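Participant: Got a structure for you, written out below as structure tokens; questions coming shortly.
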Amino acid sequence: MKEELKILILEDVAFDAELIEYELRREGVKFLSKRVETKENFIGELEGLKPDLILADHSLPKFDGLSALKIANKECPYTPFLFVSGKIGEEFAVNALKEGATDYIFKNNLSKLVPAIQRALKECNEKIEREKAQKALRKAHFELEQQVLERTKALSRVNEELRAEMDERERIENKLKKSLEEKEILLKEIHHRVKNNLQIISSLLNLQSRYINDEEMLDIYKESQNRVKSMAIIHEKLYQSEDLARIDFGDYVKSLVLDLFNSYGVDKSSTGLDINIKDILLDINTAIPCGLIVNELVTNSIKHGFPINRPHSNQLSFDRRDKIVVNITKEDEVYTMSVYDNGVGFPDNLDFKNTDSLGMQLVISLTSQLRGTVELERNNGTLFKIIFKELEYKNKF
């Protein structure tokens, strides 16, 4: 409530107006009041006094409360309007409230006046704030629509430039202009095409390997083919995902490792494969190096972790006690990715950071690309740990 209320009293009986003012003073309300009896004076004080509150009798000799209410609703719709009358019938009270009156008080029960005023002023303030919020929301909505419109126009200009370079993309972009999901469809198409191109490269490597008799060279081709596949799977997952910026890395690693098992002829039911990756979402800039690291380390476990296996055999044999485990955890924005096997272990006399192995060189290089660190534990098998933070990535589409 304001420190001093400006109150307009529509009342023809001066004594009744004094009783109202007395009740206000008794309750500690500070106010400035004006009493009027006629329509002309009422309208004049609405403009001159600019009241915070209107108290009106329902019937006067030359004017009436309902007529005053209609005028107030037009001139000052946010000003609370209370009827204070000696006798108000039920029908009149209902009509008054329908016409916009805030409340009504009987003159013989003025003790309820101040609480009614406080409630009315509170409701008025809430109404004003609500309409301000709605106005701000409409403005924000309009501005957002303008931004979307401007962005759509900008994208249309980019599409025009792309038409000159790619005839097929022109056909796609013409359809995308008619869709509200332009960005999503375009990104899906890009991932699909990259995946297809990578699959073509993988197929070419596979075809070329058929003409190679040297086992060591054949193994190099297979490893290269698996590296290409690891990147193709990422683009395939992004193409299938509703979120075009990030992929479920657990689902991706499962597909990647099973593809490696298939590539090396490993029966997945004969070995203890354990993938523990839950609720890990990575963007493509982080997922690709992580996927390539997993590809190299799991390949190393398959080929070298268990003595019974030979890298060039058509079917590798595993015991059910043999395990390959892939984990990723996240804590305070720090990721820990590990690949473990319970095989013969990494040779003690070999420094994994200084080796001629292309696979280990890739692991070191990709970890550096992630700005992370790589650790090796040789207890009860081989455990590689890669610790990193997700690379910052800004979508500039």
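Participant: Taking the range 271-298, which residues are open to solvent by 50 Å² or more (accessible area, probe 1.4 Å) and among the charged types (D, E, K, R)?
Facilitator: Asp274, Lys278, Asp279
Participant: Could you check Lys50 against (1) within 16 Å of Glu11 (Cβ to Cβ); (2) in contact with a strand residue (DSSP E or B) (Cβ under 7 Å, 6 or more places away or on another chain) and say which number it fails?
Facilitator: Here Lys50 meets the rest and fails (1).
Participant: Okay, moving on. Conditions first: (1) of a type outside the set (D, E, K, R); (2) modelled with pLDDT of 90 or more; (3) farther than 22 Å from Asn262 by Cα. Asn327 passes all but one, so which condition is the exception?
Facilitator: (3)
Participant: Go through the residues of the range 336-348 one by one and say whether even a single one is modelled with pLDDT of 85 or more, part of a strand (DSSP E or B) and either open to solvent by 70 Å² or more (accessible area, probe 1.4 Å) or of a type in the set (Lys, Arg) (or both).
Facilitator: No: the range 336-348 contains no residue that is modelled with pLDDT of 85 or more, part of a strand (DSSP E or B) and either open to solvent by 70 Å² or more (accessible area, probe 1.4 Å) or of a type in the set (Lys, Arg) (or both).
Participant: Given (1) part of a helix (DSSP H, G or I); (2) within 16 Å of Glu11 (Cβ to Cβ); (3) among the hydrophobic types (A, V, I, L, M, F, W, C), where does Ala133 come up short, assuming only one miss?
Facilitator: Of the numbered conditions (1) part of a helix (DSSP H, G or I); (2) within 16 Å of Glu11 (Cβ to Cβ); (3) among the hydrophobic types (A, V, I, L, M, F, W, C), the odd one out for Ala133 is (2).
Participant: Something else: Which one of these is surrounded by fewer than 18 Cβ atoms within 10 Å (Cβ to Cβ), modelled with pLDDT under 80 and not hydroxyl-bearing (Ser, Thr, Tyr): Glu236, Glu215?
Facilitator: Every option except Glu215 fails the conditions.
Participant: Still on this model: Name the one entry in Leu60, Leu53, Leu24, Leu32 that is within 50 Å of the chain's Cα centre (by Cα) and of a type outside the set (Asp, Glu).
Facilitator: Just a single option satisfies the conditions, and that option is Leu53.
Participant: Got at least one residue in the range 11-30 being within 19 Å of Ala96 (Cα to Cα) and either in contact with a helix residue (DSSP H, G or I) (Cβ under 9 Å, 6 or more places away or on another chain) or open to solvent by 60 Å² or more (accessible area, probe 1.4 Å) (or both)?
Facilitator: Checking the range 11-30: at least one residue is within 19 Å of Ala96 (Cα to Cα) and either in contact with a helix residue (DSSP H, G or I) (Cβ under 9 Å, 6 or more places away or on another chain) or open to solvent by 60 Å² or more (accessible area, probe 1.4 Å) (or both).
Participant: Tell me yes or no: at least one residue of the range 73-87 is under 54 Å from the mean Cα position of the chain (by Cα), at negative phi, open to solvent by 40 Å² or more (accessible area, probe 1.4 Å) and of a type in the set (Ser, Thr, Tyr).
Facilitator: yes
Participant: Could you tell me whether the range 143-155 includes any residue that is under 30 Å from Pro77 (Cα atoms), surrounded by 10 or more Cβ atoms within 10 Å (Cβ to Cβ) and at pLDDT 80 or above?
Facilitator: yes
Participant: Here's something else I'd like to know. Name the one entry in Lys2, Lys6 that is exposed (fewer than 13 other Cβ atoms within 10 Å of the Cβ) and either under 55 Å from the mean Cα position of the chain (by Cα) or modelled with pLDDT under 90 (or both).
Facilitator: Result: Lys2 is the single residue among Lys2, Lys6 that is exposed (fewer than 13 other Cβ atoms within 10 Å of the Cβ) and either under 55 Å from the mean Cα position of the chain (by Cα) or modelled with pLDDT under 90 (or both).
Here is a yes/no grid of residues against (1) closer than 19 Å to Asn379 by Cα; (2) aliphatic (A, V, I, L, M):
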| residue | (1), (2) |
| --- | --- |
| Lys323 | yes, no |
| Thr329 | no, no |
| Glu333 | no, no |
| Ser338 | yes, no |
| Gly345 | yes, no |
| Leu350 | yes, yes |
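Participant: Of the residues Leu205, Leu282, Leu256, which single one is modelled with pLDDT under 70 and of a type outside the set (Lys, Arg)?
Facilitator: Leu205
Participant: Checking Lys268 against (1) touching a Phe, Trp or Tyr at 6+ places or on another chain (Cβ under 9 Å); (2) modelled with pLDDT of 80 or more; (3) open to solvent by 20 Å² or more (accessible area, probe 1.4 Å), which test does it fail?
Facilitator: Answer for Lys268: the failing condition is (2).
Participant: Are there strands (runs of 3 or more DSSP E) fully within the range 24-130 with at least 1 residues that are in contact (Cβ under 8 Å) with a residue 12 or more places away in the chain and among the basic types (Lys, Arg)? List them.
Facilitator: By residue number, 31-36.
The values are calculated or read from the model by the stated rules, or taken from the named source; none is laboratory data. All values derive from a computational prediction rather than experimental measurement. Heads up, the Cβs are rebuilt from the backbone with ideal geometry, glycines too, and the neighbour counts pull from every protein chain shown. We work out accessible area using only protein heavy atoms, side chains counted, and drop any ligands, DNA or RNA first. Shrake-Rupley method; radii C 1.70, N 1.55, O 1.52, S 1.80 Å.
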